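Undergrad: Before we start, here is the structure in question, set down as structure tokens.
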Amino acid sequence: MNIIQFRELFRDTLSSQFKIVEVDYMFKTILISFFKFKPTIIALDPQKRLSKFQASKLNHSLFLIKNNCPLQYITGKSFFLNLEINVDSNVLIPRPETEELALWSTKSLTNGDKVIDLCTGSGCIALALKTNNPSISVKGIDKSERAILLAKKNSKNLNIDIEWVTADVIDFQEEKCSLDLVISNPPYIHPSEIKSIQPRVINYEPKLALFTPNDDPIYYYKHCINFANNALKKGGKLFFELNPNYYKKVENQVLRSNFSEVEIKKDFMGKKRMLSATKS
């Protein structure tokens, strides 16, 4: 089969799940990611025949997409604020909302600041902050050893110096009043919300990074707040990505924990998705 024939196969197979423009984007991305084809290949050489290996790779990718596997896990790549990030099923796929959080937090950074990213996953937030201001010191924390290994791979590929630590936010400690900024996108989906979550998220992304315990939807926020309360300097900043369904609970917990100047910010979809606060 040639390129155009495979594109038509993708369209026919996936048209009930995705818009044609989305199917074409996925097909093109796979060609570029796996076979290093130029973006113009479809327009300039549509009759190019594919090898057996290439055909097998495309058929397998089509099968995965049909079964709701995210494209980023198929290619092993995602983008976060212009950084190419390696991803796999041990880490969340970076979201636009998290990009907004990272950008917002950069406005509070000054040269030489010490920063910790709790529940770092792929390390995308930590890497983006360090890229924005190379003078800062950044440490990324995650309880998943596999996530930290991937974060280390990302920092090596991007030549960005980050300290990575495998540790659970529940018992991780840092020198008292030593940090200028703490940021986190912790697990925040309550199990009662599972029915509202897309299959491609539930079936493929790591449950460790998604879900809270049954009895407490802000469980991880509480531990992050306790950590930040101890480790931040006076005037230091705390940033969270939020579950819009529980933003008020998190806000109240922050206000009860020696923080002031609490601000809730909406994401591009108009949902209350981010929080910042200042250590009193």
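Undergrad: Can you pull out every residue in the range 150-190 that is touching a residue at least 60 places away in the same chain (Cβ under 8 Å) and surrounded by fewer than 18 Cβ atoms within 10 Å (Cβ to Cβ)?
TA: Answer for the range 150-190, where residues must be touching a residue at least 60 places away in the same chain (Cβ under 8 Å) and surrounded by fewer than 18 Cβ atoms within 10 Å (Cβ to Cβ): Lys153, Asn157, Leu158, Ser178.
Undergrad: Of everything in the range 92-107, what is farther than 22 Å from Ala147 by Cβ, of a type in the set (A, V, I, L, M, F, W, C) and in contact with a Leu (Cβ under 8 Å, 6 or more places away or on another chain)? Give them in sequence order.
TA: Within the range 92-107, Leu103 is the sole residue that qualifies.
Undergrad: What's the total number of residues in the range 1-59 that are under 22 Å from Pro70 (Cβ atoms) and over 28 Å from the mean Cα position of the chain (by Cα)?
TA: Count: 8.
Undergrad: Go through the residues of the range 55-65 one by one and say whether even a single one is without any contact (Cβ under 8 Å) to a residue 40 or more places away in the chain and under 30 Å from Ala167 (Cβ atoms).
TA: no
Undergrad: Hey, could you check the range 51-74 for residues that are assigned to a helix (DSSP H, G or I) and in contact with a Phe, Trp or Tyr (Cβ under 7 Å, 6 or more places away or on another chain) and say which is farthest from Met1 (Cα to Cα)?
TA: Only one residue fits best here, namely Tyr73.
Undergrad: Among the candidates Phe35, Phe79, which residue alone is modelled with pLDDT of 95 or more and aromatic (Phe, Trp, Tyr)?
TA: Exactly one residue qualifies, and that residue is Phe79.
Undergrad: If you don't mind, there's one more thing I want to ask. Being in a helix (DSSP H, G or I) and of a type in the set (A, V, I, L, M, F, W, C) is the filter; apply it to the range 87-103 and report the residue that is farthest from the chain's Cα centre (by Cα).
TA: Leu103
Undergrad: Go through the range 202-276 and tell me which helices (runs of 4 or more DSSP H), entirely inside it, have 1 or more residues that are more than 17 Å from Ile170 (Cα to Cα) and not hydroxyl-bearing (Ser, Thr, Tyr).
TA: Those helices (runs of 4 or more DSSP H) span 207-210, 247-255.
Undergrad: List every residue pair whose Cβ atoms lie under 9 Å apart, where the two residues are 6 or more positions apart in sequence or sit on different chains, the first residue falls within the range 9-24 and is among the acidic types (Asp, Glu), and the second residue, located anywhere, is part of a helix (DSSP H, G or I).
TA: Note: pairs meeting the criteria are Glu22/Leu14; Asp24/Arg7; Asp24/Phe10; Asp24/Arg11; Asp24/Ile42.
Undergrad: What number of residues within the range 40-56 are in contact with a strand residue (DSSP E or B) (Cβ under 6 Å, 6 or more places away or on another chain) and either exposed (fewer than 10 other Cβ atoms within 10 Å of the Cβ) or under 16 Å from Asp24 (Cα atoms) (or both)?
TA: 1
The values are calculated or read from the model by the stated rules, or taken from the named source; none is laboratory data. Predicted model only: the values in this text are computed from it and were never measured. Reconstructed Cβ throughout: ideal geometry from the backbone, glycine too, with neighbour counts over all protein chains shown.
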